[in-house]
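Report on one structure; see the data block that follows.
Coordinate-derived values only; no laboratory data. Quick caveat, the model's predicted, so the values are computed rather than measured. As a convention, Cβ positions derive from the backbone with ideal geometry for all residues, glycine included, and neighbour counts pool all protein chains shown.
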Amino acid sequence: MRSSAIILMTVISVSIMSCQPDPIDPPPPPPGPLTDTTINNISYGSNASQKFDLGLPAGRTSATPFVVVVHGGGWATGDKSELTWLLNGLKQRGFAVANINYRLTLNTPDNYKMQIDDLDSAAHFALRLSTLHTFNGQKFYIVGHSAGGHLSLAYAYTRNADGKIKAAGSLAGPTDLFAMSYYNFNIYNIILQPFLGVPLIPVTTASEQRYKSCSPQYQATATSPPTIFFHGDVDPVVNISQSTSMVAKLNTLGVDKKMITYPLTFHDWWTDATKTANTLEELKTWFNGHP
């Protein structure tokens, strides 16, 4: 009798338990604020030079604007570490930043195209990371120093059919390789001949066309992105006329542009805190003003 009662109680208990809903896992805690961080040496290609550092600002969202930064060095030298100040400064001003390396001048038939292709690969690889790392992957800005300024403008003026590049910037960048080499042949041909693969002198129709076709001065159109220029007025490496002539060209095309001239300043100004802060603030205003 007692065993029957035990069996009955067990059946009732099991029946009651089987009617209970499955336990609900507690919801995950809400995510905390995104912190300031930099991820170094992200590979965007198989070559050892095809890497970039990705700077991510604190509190970023899917609307956080994105900037590509391109170092200089005469197309044959240089490293992204030279513009870490620019990555950090823009990041502190609310931008996500890819500070890129690219393949330097090699024994190839078209170093210019190789480097423009690298900018394209790096930019689009970084844009694909926007969902993972939280920033705006639908558009971007680009800025570079010296040879990186030239590459930034050349890329923005020739590879923007999709309209993703909303504005560009050049810090003491060459814009007219033909004029630069023609008037300073002994200085610049050492750099430009291996870069472009063609000696300028003696000038031929082919050599002139090659130098001009790789120059923003001859690539710009009425649909080119708005562009801001920075230049020291006594720059001995890239004469300030390279920027002023580009500004004049954009003016004839009706493209929005701005020129910042630093008096008594050479090819770079990163040791001058006032000028550096001004460059960063001007870039911030320019980029934010062209959404």
Could you tell me which residue out of ILE187, GLY254, GLN115 lies farthest along the dipole of the chain toward its positive end? Charges go on the beta carbon: Lys and Arg +1, Asp and Glu -1, centred on the Cα centre. GLY254
Using r as the Cβ-Cβ distance of GLU282 and ALA161, and R0 as 30 Å, what FRET efficiency do you calculate, to the nearest 0.05? 0.60
Going by average Cβ neighbours within 10 Å, how do the peptides 261-269, 201-209 rank, with the highest at the top? 261-269, 201-209
The rounded separation in angstrom of the Cα centers of the stretch 169-244 and the stretch 47-70 is 28 Å
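Using 1/(1 + (r/R0)^6) with R0 = 51 angstrom and r between the beta carbons of VAL237 and THR35, what's the FRET efficiency to the nearest 0.05?
0.85
I need the peptides 223-232, 189-198 ranked by packing, meaning the mean over residues of other C-beta atoms within 10 angstrom, with the highest value on top.
Order by mean packing, descending: 223-232, 189-198.
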How large is log10 of I(q)/I(0) for the chain at q = 0.15 Å⁻¹ when the intensity is taken from the Debye formula with one equal scatterer per alpha-carbon? -1.12
Let me have the relative contact order for the stretch 205-291, percent, based on Cα pairs under 8 Å that are six or more residues apart. 31 percent
Expected unfolding gain across SER49-MET114 under the 0.36 nm per residue rule, minus the alpha-carbon gap, is 22.2 nm
Strictly over 30 Å apart at the Cα level, which of LYS113/LYS275; LYS139/LYS212; LYS51/LYS166 would you flag in this model? LYS113/LYS275
Estimated FRET transfer efficiency when R0 is 22 angstrom, pair TRP270-ASN184 (beta carbons, to 0.05): 0.35
Relative contact order of the chain, please, whole-number percent, based on alpha carbon pairs below 8 angstrom and at least 6 residues apart. 14 percent
